[in-house]
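A.B. asks: Below are the structure tokens for one structure; questions will follow.
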């Protein structure tokens, strides 16, 4: 990938597998950072479907990551090959001077690393932060139907109390959102975390007003942490 812009030191680079409006946290970042300090890079941008298959197709029984495109297409790609591609991108970004990289993906990667930049990975940052904020409380995690619950359970395994989970798409109506929130309360949750890219302020505010318990938006926590690096 060729970067046409010079990546300045005081820039936050958001790194995705594929850039989708559904997973865009730019509106949240803009609450804390000026637009010129945000630079977006996506692994699959500019590649045709054939090229994506040639580079990232999974072999039989290989772990996969489901990728959702803006036109509602979906592809199951090799988790290892995607991770390798992201690692190469991180190296390229560092070579261009990137100092702060925010990874935005629902997939879990275990071997990504940066040598000179700060690499912000949601799976490593958000659960410990939530645990520190609400230790001793029962946390309910609300995820979209695109998030494998087994993966989510692994992500939140180190909470002081085992999390409970409910599933609802951010695109569904408020009634279904409320039903999912009430299901978490029935399981004992006294704090709810909205932990999918499609959830925004309106989802959090709606649930918090009706459930009467704290509702955290994981993307807001990420945006605040990322902004702290640049101020």
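A.B. asks: Taking only pairs six or more apart or across chains, which ones have beta-carbon atoms under 8 Å, a first residue in segment 188-208 that is over 15 Å from residue 221 (Cβ atoms), and a second residue that is part of a helix (DSSP H, G or I)?
C.D. replies: That search, which allows pairs on different chains as well, returns 198/22; 198/23; 206/174; 206/177; 206/178; 207/177; 207/178; 207/181.
A.B. asks: Something else about it: Regarding segment 72-93, can at least one residue be identified that is touching a strand residue (DSSP E or B) at 6+ places or on another chain (Cβ under 7 Å), farther than 26 Å from residue 225 by Cβ and at pLDDT 90 or above?
C.D. replies: yes
A.B. asks: Consider residue 152 carefully, then state whether it is in a helix (DSSP H, G or I) and under 15 Å from residue 43 (Cβ atoms).
C.D. replies: No.
A.B. asks: Moving to a separate point now. Look through 124, 157, 96 and report the one residue that is farther than 15 Å from residue 218 by Cβ and free of Cβ contacts under 8 Å to residues at least 40 places away in the same chain.
C.D. replies: Within the list 124, 157, 96, the selection yields 157.
A.B. asks: Name, by its number, the condition in (1) in contact with a strand residue (DSSP E or B) (Cβ under 8 Å, 6 or more places away or on another chain); (2) at pLDDT below 90; (3) surrounded by 17 or more Cβ atoms within 10 Å (Cβ to Cβ) that does not hold for residue 106.
C.D. replies: (1)
A.B. asks: Could I ask something else about it? Please give the helices (runs of 4 or more DSSP H) falling wholly within segment 156-231 in which 2 or more residues are modelled with pLDDT under 95 and under 19 Å from the mean Cα position of the chain (by Cα).
C.D. replies: Where helices (runs of 4 or more DSSP H) fall fully within segment 156-231 and carry at least 2 residues being modelled with pLDDT under 95 and under 19 Å from the mean Cα position of the chain (by Cα), they are 201-211, 218-228.
A.B. asks: Can you name the condition, by its number, that residue 133 falls short on among (1) at pLDDT below 95; (2) part of a strand (DSSP E or B)?
C.D. replies: Of (1) at pLDDT below 95; (2) part of a strand (DSSP E or B), only one is false for residue 133: (2).
A.B. asks: Check residue 199 against each of (1) surrounded by fewer than 18 Cβ atoms within 10 Å (Cβ to Cβ); (2) closer than 16 Å to residue 24 by Cβ and name the one condition it does not meet.
C.D. replies: (1)
A.B. asks: Counting only residues that are farther than 18 Å from residue 104 by Cα and touching a helix residue (DSSP H, G or I) at 6+ places or on another chain (Cβ under 6 Å), how many does segment 30-70 have?
C.D. replies: The total comes to 2.
A.B. asks: Next question, about the same structure. Is segment 211-224 home to any residue that is within 14 Å of residue 125 (Cα to Cα) and surrounded by fewer than 18 Cβ atoms within 10 Å (Cβ to Cβ)?
C.D. replies: Yes, segment 211-224 contains a residue that is within 14 Å of residue 125 (Cα to Cα) and surrounded by fewer than 18 Cβ atoms within 10 Å (Cβ to Cβ).
The values are calculated or read from the model by the stated rules, or taken from the named source; none is laboratory data. Here the structure is a predicted model, which is why all the values come from computation and not from measurement. Neighbour counts are summed over all protein chains in view; Cβ atoms, including those assigned to glycine, are modelled from backbone coordinates with ideal geometry.
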